[in-house]
Ligand code: SIN
């Protein structure tokens, strides 16, 4: 690396992109988060003019993502983004909760530099592994002049942090940005943009400080509305005696994953009303993968506009932390 050369820093957190299968010929049987990020980068060419650095922040299957890993990731992002010679970051991550990490980073950091999450649907030693190409594409995006904000890059597509959602359990092209649409694509190392990069907002410095020091995240649960639903589930969730029995913190918020336009089975609705009257915050979203809920005047349960249930849950947790 030459002195003063611009850098792209790759932060490893685990996932299938770092997974290893028992046999390269059958990638269904594998363990996520095995291969160090430095090894994932072996033989990978740096985008022209840039040096590559890597750092192992965590090594987990992203289904197990928790506050401790998010804190470490936030700290390392803040550290590297503040370096004048760092052009951007790439984060290798599991696909399963990538959208939650992307949402958190964009909401809290709203960076003026690109922070590109990438992943894979097949383990690193699969004969047809998709991780190396995704990583190359993510590096190309991170190296793009003017790129900014938190992005996800998978299967040649560039998706915004607020829109990205895993929509397929096995396809290589597993993500969608819904009706918002993709930000662009990467083809043979060339980045083609169709929409604006995510806009930098005022970084939430106070929120970051609270997140880095709070003993825990406020407890917010997701309640799915469905046919033949029963309100007792909600009553049990918000009963402080139940929380105490299981050594859990009390529920501070509930996100309704409602049917269609955010509607809710009448039994659940009555229970959500009881929860709200007891001081629990209730937000409404939809269990539909696509489409936005629009806020309406005088709504009993406010809408988490444009957010999926998992992102609405994070938004509410952050609001309660504030
Ligand atoms: C994970 O999310 O860590 C495992 C699954 C994946 O990366 O596809």
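Going by what's in this entry, would residue 181 be described as surrounded by fewer than 16 Cβ atoms within 10 Å (Cβ to Cβ) and in contact with a helix residue (DSSP H, G or I) (Cβ under 7 Å, 6 or more places away or on another chain)? Here the answer is no, as residue 181 does not meet what is asked. Within segment 98-129, the set of residues being near the ligand (Cβ under 10 Å from one of its atoms) and surrounded by fewer than 23 Cβ atoms within 10 Å (Cβ to Cβ) comprises 122 only. Would you be able to say whether some residue in segment 59-73 is surrounded by 20 or more Cβ atoms within 10 Å (Cβ to Cβ), closer than 17 Å to residue 109 by Cα and within 16 Å of the ligand (Cβ to nearest atom)? Checking segment 59-73: at least one residue is surrounded by 20 or more Cβ atoms within 10 Å (Cβ to Cβ), closer than 17 Å to residue 109 by Cα and within 16 Å of the ligand (Cβ to nearest atom). When segment 5-26 is filtered for residues that are over 18 Å from residue 83 (Cβ atoms) and surrounded by fewer than 22 Cβ atoms within 10 Å (Cβ to Cβ), the ones remaining, listed by number, are 20, 21, 22, 23, 24, 25, 26.
So, in segment 1-53, exactly how many residues are more than 14 Å from the ligand (Cβ to nearest atom), in contact (Cβ under 8 Å) with a residue 24 or more places away in the chain and under 12 Å from residue 126 (Cβ atoms)? The number of residues fulfilling the criteria is 2.
If you check 243, 257 for being at pLDDT 95 or above, in a helix (DSSP H, G or I) and within 30 Å of residue 74 (Cα to Cα), only one passes: 243. Taken together, 282, 234 contain a single residue that is part of a strand (DSSP E or B) and in contact (Cβ under 8 Å) with a residue 24 or more places away in the chain, which is 282. Of everything listed in (1) without any contact (Cβ under 8 Å) to a residue 40 or more places away in the chain; (2) farther than 27 Å from residue 108 by Cα, the single unmet condition for residue 213 is (2).
For segment 80-91, does any single residue satisfy the condition of being within 16 Å of the ligand (Cβ to nearest atom), at pLDDT 95 or above and surrounded by 15 or more Cβ atoms within 10 Å (Cβ to Cβ)? So far as segment 80-91 goes, yes, one or more of its residues are within 16 Å of the ligand (Cβ to nearest atom), at pLDDT 95 or above and surrounded by 15 or more Cβ atoms within 10 Å (Cβ to Cβ). Strands (runs of 3 or more DSSP E) fully within segment 1-95 that include at least 1 residues being more than 18 Å from residue 113 (Cβ to Cβ): 7-14, 20-23, 26-31, 51-60. The residues on offer are 295, 302, and the sole one that is over 17 Å from residue 178 (Cβ atoms) and at pLDDT below 95 is 295.
The values are calculated or read from the model by the stated rules, or taken from the named source; none is laboratory data. The model shown is predicted, which means the values in this text are computed figures rather than measured ones. Using ideal geometry, Cβ is built from the backbone for each residue, glycine included, and neighbour counts are taken over all protein chains shown.
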